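Take a look at the structure below.
The values are calculated or read from the model by the stated rules, or taken from the named source; none is laboratory data. Since we're looking at a predicted model, the values are computed, not measured. Cβ placement follows ideal geometry from the backbone for every residue including glycine, while neighbour counts extend to all protein chains displayed. Side chains included, ligands, DNA and RNA excluded: accessible areas come from the protein's heavy atoms. Shrake-Rupley method; radii C 1.70, N 1.55, O 1.52, S 1.80 Å.
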Amino acid sequence: MSKREQWSSKTGFILAAAGSAVGLGNIWKFPYIAGENGGAAFLFIYLICILAIGLPILNIEILLGRETQKNPVGAFKKIHGDSNWKYVGALGVFASFTILSFYSIVGGWSVAYTVEALKGTFASFPDPEVAGEFFNLKNSNPYWVLGYHTLFFLSIIGIILSGVKGGLEKASKFLMPILLFILFALVVNGLMLPDSDKGMEFLFSPDWSKINPSTFLLALGHAFFTLSLGMGAMMTYGSYLSDNDDIVNASYMVAFLDTIIAILAGVAIFTVVFSSGYDPTAGPGLVFHVLPPLLSQLPGGYIFAFLFFLLLTIAAVTSGISILEVSVAYLVDELKFSRKKATMIMGVLVYLAAIPCALSFNLLSDVTLPIQGKAFTFFDVADFLASNILLPLGGFFLAIFAGYVWGIDSTVKALLKGDSGSLYFGNSILESPTSKMIFGFLIKYLSPVLIFLVFLYQFGWI
Ligand code: PFF
């Protein structure tokens, strides 16, 4: 049997994991959720969720992968035999289908808008209303949506086919610095605009009256989504690490990069929105309706609009590969398929699963399911199911597994294996009895209880 591939370096892993975390969640979702939920007030709750729940679970996910050198199903089997725990892994594989089915549609839009920006289309939009009509018109054509979805999908498949080092790692090492560079350019541009301070104020001065239990629900769901937790993506990436790698440091780095990039994306977007006097609460259309005309009306707008959508595309690609890799690794490990065969099979299956989401904006727009009092299309259902149910559920079981089945002692011992005593905080942070106790508390009590409460609230049971 061929040896399991590994990352070529620690930086390679961190960039790939950060590439998975930094995605549409940071640039498309975070700003509009923050916009709709009170800006800084949401940011505050979100940061708590990342620190208290996201970060510990991120450590555990990567660890389970590294310890077992397996995909999510195989990982649970290896540690706990052929028990029901393997279904938690299977839930992850199912979630990877669900997420990618709507994610690749938004990825396709990003590619399409990069092309439109290059063509200079946005310069002719006088305001967001016209841009919104353009968006709806384009989406009413199923071939347009499916065509760009296909392009996006092919780029993901191409990268996955090239393997862990030659594909996942190389793409992330190449694309992540570009992403950071573009984001900086957009932030600097945004800060220099008149009235940019209003955007900053919106993002950084909290209005506590906006906080209610549903803010918490959203923030927690989004913390899972943005850190790629709860479906085994980080586990799968962790499975390409060796025992010498320092998971605690890597997790800090990934969570830090992910958070800072979401905040910077917020700065880049809200400075533009406020300086043009528009409403920050535009919802999912913020990026595709509001930004194109506003960006292209700025000095140098042609280039900024292009850069923005390129940024979105890069973010979507480096996350998309990690989502598909979960299913591919499953077939490679469990059914002993070659990477090529596994990628082709899963690629086709996930591609087909995404078609109803692509048609949600045209042929199937009337096919809806009532959820929480709203009519949800296939696209909305996939997003809701993944972010509000599957990922938090996966996170819940991970916390229970590490806290009660594997036990905090074994978990911490395993985490400390790769202590490099290095760079940032060092794994040694977990060696002190107090921090181990806090870690245990977060994993055994706080995370499961909060996730459980969020579920009860979501279904209207409390
Ligand atoms: N973290 C990605 C984002 O913020 O866009 C989305 C994601 C990737 C979710 C991988 C889950 C996952 F396994």
What helix-only [θ] at 222 nm does the chain give? Using -39500 (n - 2.57) per DSSP H run of at least 4, over all residues, to the nearest 500, the answer is -21500 deg cm²/dmol
In the chain the accessible area split gives carbon plus sulfur, as whole percent at 1.4 Å, a share of 68
In Å², rounded to a whole number, the accessible area per residue of the chain with probe 1.4 Å is 38
Taking a straight Cα-to-Cα line shorter than 26 Å from K138, and setting aside same-chain lysines fewer than 8 residues away, one finds K29, K119, K374
Residues meeting the amide H criterion for G38 (H placed from the backbone, H to H distance under 5 Å, 5 or more places apart or on another chain) are none
Residue-ordered couplings for segment 256-271, obtained by feeding phi - 60° into the Karplus form 6.51 cos²θ - 1.76 cosθ + 1.60 and rounding to whole Hz (Gly and Pro as x), are 5, 4, 4, 5, 5, 5, 5, 5, 5, 4, x, 4, 4, 7, 6, 4
Expected vector for segment 128-143, Karplus 3J(HN,Hα) from phi with 6.51, -1.76, 1.60 and θ = phi - 60°, integer Hz, x for Gly and Pro, equals x, 4, 5, 4, x, 5, 4, 4, 5, 4, 4, 6, 6, 9, x, 5
Inter-part gap, Cα centre of segment 332-374 to Cα centre of segment 179-214, in whole angstrom, is 34
Protection proxy (average C-beta count within 10 Å per residue), highest first, orders 455-462, 389-396 as 389-396, 455-462
Full extension between K417 and M437 adds, at 0.36 nm per residue less the Cα distance, a length in nm of 5.4 nm
Filtered hits (lysines, Cα-Cα < 25 Å from K340, offset >= 8 within chain) -> K3, K70, K77, K78, K86, K165, K170, K173
Here the gain from full extension of L453 to S410, 0.36 nm per residue of separation minus their alpha-carbon distance, amounts to 12.7 nm
Given backbone amide H placed at 1.01 Å from N, residues whose amide H is under 5 Å from that of I371, ignoring those fewer than 5 places away on the same chain, are F376
For L335 and L363, extending 7 Å from Cα along the Cα-Cβ vector and measuring point to point gives, in nm, a value of 2.6
